[in-house]
Amino acid sequence: MGVKSKAAAAILVLLLFLGSLWLQGGLDYHWDSCLKGYNQVNTLHQLYNSSGVDGAEGPQLLECPGQTFQVSLLLSHLLAAPAYTSDVLLQPYLSSWDELVRFMEALGPMVGLISKEIESKTSIIRQLALLAEGNPEAELGPDIHSINSVNVEPGTKNNKEASQHTGGYHSVRSMIWVELNQGLVDFHHQTDSGCRTLLRLHRALLWLKLFLEKLAETPVAGRLRSPSELCREAYKSTLANHHSWFVRRAAELAFIAMPERGFFFKLVCVQSQEELSTALNRVVQAIGEVYDRTQKALEENGMLDLP
């Protein structure tokens, strides 16, 4: 085996290892332990668009024919997630992750490896919801009640009231309250609780938020930095803080395979950096609202450092 072949094999091994360690820096979850339990329904996009949550600010984002990832669908899910005064609905939150997984997979097999661990995390929460309710109909799939509850403030001011309102795994705060009261959250040892799983997704969401925010930046001194450079920079200020030295080095290899900027124009169905900035800034703003609400809920319950 030549030098180049050995180097390629070594990189592949590192990236496969990275895919399993990406979110928490340790192999703490076996992918076959939970069912995925969720199928995307095509009519959901139409429901979100007809509700008026999309297109409220600026031109409506276009569907991209023939593409798996749809930025308009991602924005619809994100805008549907905030509820009550400071809560986040889990169904559209997890649906947002479904679309973000498609985004990562579209960037190629090297980056797509990372999405496998994220899919396992969303599956854990969905399976916990199924087990809690005791029937398949309780699965966190599309439902019109979740969609219509966007930005509604029915007076549910705390976790307990939110959980009683619609079920334990209906929202972030209801899940936190239920798992704390059932003793499912361990502050000293690793578990597969919904709260610990949410924290890992939460950290990864900040990474993607910063990456998209940087990708939307206008040129500096007439030069647009490469997506690879921007993704690496976003990673160093977020997920890298929770990863071992080995995982951080492996991440560097994954970012080398990041497509050039022109690919993102096609992925978001735009023709220029200006149009890309407009589209991504809307997505970033929506992610920020979801992230801030989740951050507050986790912080209030001392869950930002769950092992």
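Of note:
Per-residue answers, yes or no, for (1) open to solvent by 40 Å² or more (accessible area, probe 1.4 Å); (2) within 19 Å of S115 (Cβ to Cβ):
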site: E213; (1), (2): yes, no
site: C231; (1), (2): no, yes
site: K236; (1), (2): yes, no
site: E260; (1), (2): yes, no
site: F264; (1), (2): no, yes
site: S277; (1), (2): no, no
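- Put simply, of A279, A240, A254 the only residue that is farther than 16 Å from L107 by Cβ, in contact (Cβ under 8 Å) with a residue 24 or more places away in the chain and not aromatic (F, W, Y) is A279.
- Test: residue in the stretch 225-240 that is of a type in the set (F, W, Y) and within 27 Å of L90 (Cβ to Cβ): yes
- When residues of the stretch 168-188 are limited to those that are surrounded by 16 or more Cβ atoms within 10 Å (Cβ to Cβ), part of a loop (DSSP other than H, G, I, E, B) and in contact (Cβ under 8 Å) with a residue 60 or more places away in the chain, the one farthest from the chain's Cα centre (by Cα): V185
- The number of residues in the stretch 61-100 that are assigned to a helix (DSSP H, G or I) and open to solvent by 10 Å² or more (accessible area, probe 1.4 Å) comes to 3.
- Residues (among the β-branched types (V, I, T) and at pLDDT 75 or above) located in the stretch 101-136: V101, I114, I118, T122, I124, I125
- Some residue of the stretch 137-158 being modelled with pLDDT of 90 or more, out of contact with any Cys (no Cβ under 6 Å at 6 or more places or on another chain), part of a helix (DSSP H, G or I) and buried (at least 21 other Cβ atoms within 10 Å of the Cβ): no
- Some residue of the stretch 196-203 being open to solvent by less than 70 Å² (accessible area, probe 1.4 Å), in a loop (DSSP other than H, G, I, E, B) and of a type outside the set (V, I, T): no
- Within the span defined as the stretch 116-125, every residue fails to be farther than 20 Å from D192 by Cβ, among the hydroxyl-bearing types (S, T, Y) and buried (at least 22 other Cβ atoms within 10 Å of the Cβ).
- Filtering V284, V247, V290 for residues that are closer than 30 Å to G222 by Cβ, buried (at least 18 other Cβ atoms within 10 Å of the Cβ) and of a type in the set (V, I, T) leaves a single hit, V284.
The values are calculated or read from the model by the stated rules, or taken from the named source; none is laboratory data. In this text the structure is predicted, and so the values were computed from the model without any measurement. Cβ coordinates were reconstructed from backbone atoms using ideal geometry, including for glycine residues, and neighbour counts include every protein chain displayed. Accessible surface areas use protein heavy atoms only, side chains included; no ligands, DNA or RNA. Shrake-Rupley method; radii C 1.70, N 1.55, O 1.52, S 1.80 Å.
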